[in-house]
1. Has the stretch 201-210 got any residue that is under 19 Å from Asp139 (Cβ atoms) and open to solvent by 50 Å² or more (accessible area, probe 1.4 Å)?
2. Any residue in the stretch 334-348 that's on the phi > 0 side of the Ramachandran plot and modelled with pLDDT of 95 or more: show its pairings with residues that are assigned to a strand (DSSP E or B) and among the basic types (Lys, Arg) at Cβ separation under 9 Å, as long as the two are six or more apart or on different chains.
3. If I ask for residues that are touching a helix residue (DSSP H, G or I) at 6+ places or on another chain (Cβ under 7 Å) and open to solvent by 10 Å² or more (accessible area, probe 1.4 Å), which ones from the stretch 91-111 would you list?
4. Tally time: how many residues in the stretch 173-214 are more than 25 Å from the chain's Cα centre (by Cα) and among the hydroxyl-bearing types (Ser, Thr, Tyr)?
5. Got a sec? Which of Ser81, Ser114 is polar (S, T, N, Q) and open to solvent by 10 Å² or more (accessible area, probe 1.4 Å)?
6. Is it the case that some residue within the stretch 216-225 is of a type outside the set (Phe, Trp, Tyr), open to solvent by less than 50 Å² (accessible area, probe 1.4 Å), over 15 Å from Asn143 (Cβ atoms) and in contact (Cβ under 8 Å) with a residue 60 or more places away in the chain?
7. Only one of these conditions is not met by Trp76: (1) more than 18 Å from the chain's Cα centre (by Cα); (2) part of a helix (DSSP H, G or I). Which number is it?
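The values are calculated or read from the model by the stated rules, or taken from the named source; none is laboratory data. All values reported here derive from a predicted model rather than from experimental measurement. With ideal geometry, Cβ positions are generated from the backbone for all residues, glycine too; neighbour counts draw on all protein chains shown. We work out accessible area using only protein heavy atoms, side chains counted, and drop any ligands, DNA or RNA first. Shrake-Rupley method; radii C 1.70, N 1.55, O 1.52, S 1.80 Å.
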Amino acid sequence: MSLVPVAGQCHETQLLRMQTLISSIEEIRAQFPALARHHNGHAVAYFDGPGGTQVPQGVGGAMTRYLYCHNANTQWAYPTSNETDAALAASRAALAALLNVPVDTVVFGSNMTSLTFHVARALGRDWEAGDEIVVTDLDHHANIDPWRDLTAERGLTVRAVPFDPGTGQLNTDALARAVNPRTRLIAIGAASNALGTICDVKHAVGLARAAGALTYVDGVHYAPHVLPDVVSLGCDFFVCSPYKFYGPHAGVLYGRRALLDQLKVSRLAPAPAQSPQRLETGTLSHEAIVGSAAAVDFLASIGTGDTRREKLASAFSALHERAARQFRRLWEGFSALPHVTLYGPGPDSSRTPTVGFTVRGYDAKSVSARLATEGLFLSHGDFYATTVIKRLGVEGLVRAGCACYTSDEEVERLIGAVAALR
């Protein structure tokens, strides 16, 4: 992604574009300044990626270059404003390539939760008392509570689909039973941020279509691990968060163009009336949007191919193979420890490289704190998937996720440290 040089502008005329192929774990890790951090004499290993990954130099560089050299508001007749318009358009194209959708269906926002509330309010204006929404107990509450909020306002009914606490799998029979002629929308997560379960979104889309309903897919935990193909999924909406795949804090929404044009969104009268900008309320973080595109190009730089999409497909395939192997090692290593309980589907299931566990005799926060003293950074708690934690019958989980920069040595360090918590 580049900007056209303009006479007299800052001498940094290019937003960063990753052009050098990086493939080995050493080359990937060299891109992340955070990996140089030490804590208590230990090199820090970041297993907290499911809550937000570390950022490569290229992403920070792209954001800094934008702020220092091109910072302006949009649609005005001077160079930095024109450059900002070009940067936002290029960023939209980058995210469209990631999702495999038309450029004019990509909406930017501050985060996934805000975007979902925005869309839920707009859709709710066309729904009537007695209409129904289907959610799942496996989801992050960002794809539950915005829909529940509509029940009080519009007199709607929300049906919640359970999952099996023993396997971490969504009950697809219950999902089918929950859908009926009054169903207006199925809200489903493509992958569980707490357990790593990958759900059958295509099945949910088929059920929704048969009932004349829409589908809203939370892809926040899915997109960092499985290259989204929204066209193939067939859903009406898909949301993700660049800070989960090596970018800055931002939110990205895909919406079917006809729906984006029809949504009765809250907007200021002078604001753009055309899609997708009509959903982008206020002045957004241009630097975060630019950084989100740089994160896509970082991932593309790991792969090979002639187009950005081909490079992304190659990169995701290679990263998935390595992460699946590391996850299997974690699962098998933890399974051998009698004081550790694992939750969610095993390594032979369709899942992300994210493991949730508890350690007998410790609460989740204490485990996280103890591991941190050895430079192992893991998240703990309910991860805003509070219904999942309640159904599991625990107070909270410790969560470890494998990212593109996770090394085999770090995996062994973590297993050894958890083994020592007897």
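1. yes
2. Gly344/Arg351
3. From the stretch 91-111, those touching a helix residue (DSSP H, G or I) at 6+ places or on another chain (Cβ under 7 Å) are 91-109; that's our starting set.
The answer is Arg92, Ala93, Ala97, Asn100, Val101, Pro102, Val103, Asp104, Gly109.
4. 1
5. So the residue among Ser81, Ser114 that is polar (S, T, N, Q) and open to solvent by 10 Å² or more (accessible area, probe 1.4 Å) is Ser114.
6. Checking the stretch 216-225: at least one residue is of a type outside the set (Phe, Trp, Tyr), open to solvent by less than 50 Å² (accessible area, probe 1.4 Å), over 15 Å from Asn143 (Cβ atoms) and in contact (Cβ under 8 Å) with a residue 60 or more places away in the chain.
7. Of the numbered conditions (1) more than 18 Å from the chain's Cα centre (by Cα); (2) part of a helix (DSSP H, G or I), the odd one out for Trp76 is (2).
Yes/no matrix, rows are residues, columns are (1) within 21 Å of Ser292 (Cα to Cα); (2) open to solvent by 10 Å² or more (accessible area, probe 1.4 Å); (3) free of Cβ contacts under 8 Å to residues at least 12 places away in the same chain:
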residue: Ala72; (1), (2), (3): yes, yes, no
residue: Thr136; (1), (2), (3): no, no, no
residue: Asp164; (1), (2), (3): no, yes, yes
residue: Ala190; (1), (2), (3): yes, no, no
